[in-house]
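Notes follow once the structure below has been shown.
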Amino acid sequence: MEARFLGIAELAETPSVAFVVDVMRAFTVAAWAFGRGAEKIVLAESPADVLALKARHPDWVALKDGPPAPGFDTVNSPGLLRSLDLGGRTVVQKTTAGTVGALAVKEASLVLCGGFVVAGATARLLRQHGCDAATFVVTGEEGRAEEDLACAQYIARRTNEGKTDATPFLRRAAGSRAAAELREGIRQGAHPDDVALCLELDRFPFAMIAAPEDSLMVLRPCAAPAPGDGASP
């Protein structure tokens, strides 16, 4: 599989297969939401759209970047989300980078979203799909986020080669600007465990696929082929 690594602004055309990566923290949060029982995640265009959807569906869980705000149920933090019971719920998510990246490639035939926590399942699904090429959308820092690029490169290599040592990729992510800002409390709406949770390799056994549903872009978990590539952390 030929892999291209592009920032959102570099997407000159719609790719056939896209993997949208946001390690810290949109798609780590999304994986945790499914891990806590959420049925689906609606990827919203703006905070106003989140609140409009929440007004029409009061039982939906509204989530945003940054500090808590009126009308929103929670924030974009895996450390905070992991204590919630989301059984059967719909989450509406709007973040600075991750959701923007997914919406930018919504016309692609296959849109996968994720981070290290679903890396293995994502690689197995890409391998099963048998695509000749995939575009890895590096969402953070205008395509330069080290944690997102490291994760994208790791998944691409694991897709192509199977057994892949994740250690150097996780080390790069741990030393990223985003990780430092989370550790130092610069980013609001965070939990002290967020960085560690974002770097948990293969924490969840599913991949995540986004697709249009009733005019909305909806993310859902997807079962991947059983592990067997021998990848090591």
Tell me yes or no: at least one residue of the range 34-51 is more than 15 Å from the chain's Cα centre (by Cα), surrounded by 15 or more Cβ atoms within 10 Å (Cβ to Cβ) and of a type in the set (S, T, N, Q).
no
Determine, yes or no, whether Gly79 is of a type outside the set (A, V, I, L, M, F, W, C), at pLDDT 95 or above and in contact with a His (Cβ under 7 Å, 6 or more places away or on another chain).
yes
Within the range 164-178, the count of residues that are crowded, with 21+ Cβ neighbours inside 10 Å, of a type in the set (S, T, N, Q) and touching a Ser or Thr at 6+ places or on another chain (Cβ under 9 Å) comes to 1
Cross-chain or 6+ apart pairs with Cβ under 7 Å, the range 81-101 first and more than 11 Å from Leu219 (Cβ to Cβ), then basic (Lys, Arg) and not in a loop (DSSP other than H, G, I, E, B):
Lys94/Lys64
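Within the range 179-193, is there a residue that is under 15 Å from the mean Cα position of the chain (by Cα) and closer than 20 Å to Thr95 by Cβ?
Of the range 179-193, the ones under 15 Å from the mean Cα position of the chain (by Cα) are none.
There is no residue in the range 179-193 that is under 15 Å from the mean Cα position of the chain (by Cα) and closer than 20 Å to Thr95 by Cβ.
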It is to be established whether one or more residues within the range 27-45 are assigned to a strand (DSSP E or B), among the charged types (D, E, K, R), in contact with a Lys or Arg (Cβ under 7 Å, 6 or more places away or on another chain) and modelled with pLDDT of 95 or more.
yes
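If you check Ala223, Ala231, which single one turns out to be over 15 Å from the mean Cα position of the chain (by Cα), at pLDDT below 95, surrounded by 13 or more Cβ atoms within 10 Å (Cβ to Cβ) and not aromatic (Phe, Trp, Tyr)?
Details: Ala223 fails: surrounded by 13 or more Cβ atoms within 10 Å (Cβ to Cβ).
Unique residue meeting the criteria: Ala231.
Does the range 167-187 include one or more residues that are of a type in the set (Val, Ile, Thr), over 30 Å from Glu13 (Cβ atoms) and in contact with a helix residue (DSSP H, G or I) (Cβ under 7 Å, 6 or more places away or on another chain)?
Quick first cut of the range 167-187, residues of a type in the set (Val, Ile, Thr) only: 167, 186.
With the extra rule that they be over 30 Å from Glu13 (Cβ atoms), the set shrinks to 167, 186.
Narrowing the set further to residues that are in contact with a helix residue (DSSP H, G or I) (Cβ under 7 Å, 6 or more places away or on another chain) leaves none.
No - not one qualifying residue is present in the range 167-187.
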Matching residues, the range 137-152, being out of contact with any Gly (no Cβ under 8 Å at 6 or more places or on another chain) and either over 18 Å from Ala179 (Cα atoms) or surrounded by fewer than 19 Cβ atoms within 10 Å (Cβ to Cβ) (or both):
Glu141
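Regarding the range 81-89, can at least one residue be identified that is surrounded by 23 or more Cβ atoms within 10 Å (Cβ to Cβ), out of contact with any Asp or Glu (no Cβ under 7 Å at 6 or more places or on another chain) and closer than 27 Å to Ala173 by Cβ? I'd like the intermediate steps shown before the answer.
Taking the range 81-89 and keeping what is surrounded by 23 or more Cβ atoms within 10 Å (Cβ to Cβ), we get 81.
Then keep just the ones that are out of contact with any Asp or Glu (no Cβ under 7 Å at 6 or more places or on another chain); that gives 81.
Add one more test, that the residue is closer than 27 Å to Ala173 by Cβ, and what stays is 81.
Yes, the range 81-89 contains at least one residue that is surrounded by 23 or more Cβ atoms within 10 Å (Cβ to Cβ), out of contact with any Asp or Glu (no Cβ under 7 Å at 6 or more places or on another chain) and closer than 27 Å to Ala173 by Cβ.
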Answer from Glu146, Glu184, Glu161, Glu107 - the residue that is within 14 Å of Asp22 (Cα to Cα) and not hydrophobic (A, V, I, L, M, F, W, C):
Glu146
Selected residue [over 19 Å from Lys106 (Cβ atoms) and either acidic (Asp, Glu) or in contact (Cβ under 8 Å) with a residue 12 or more places away in the chain (or both)] from Ala44, Ala55, Ala38, Ala30
Ala38
Condition broken by Met24, with the remaining ones in (1) assigned to a strand (DSSP E or B); (2) touching a residue at least 60 places away in the same chain (Cβ under 8 Å) satisfied:
(1)
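The values are calculated or read from the model by the stated rules, or taken from the named source; none is laboratory data. The model shown is predicted, which means the values in this text are computed figures rather than measured ones. Quick reminder, even Gly has a Cβ in these numbers, built from the backbone with ideal geometry, and neighbours come from all protein chains shown.
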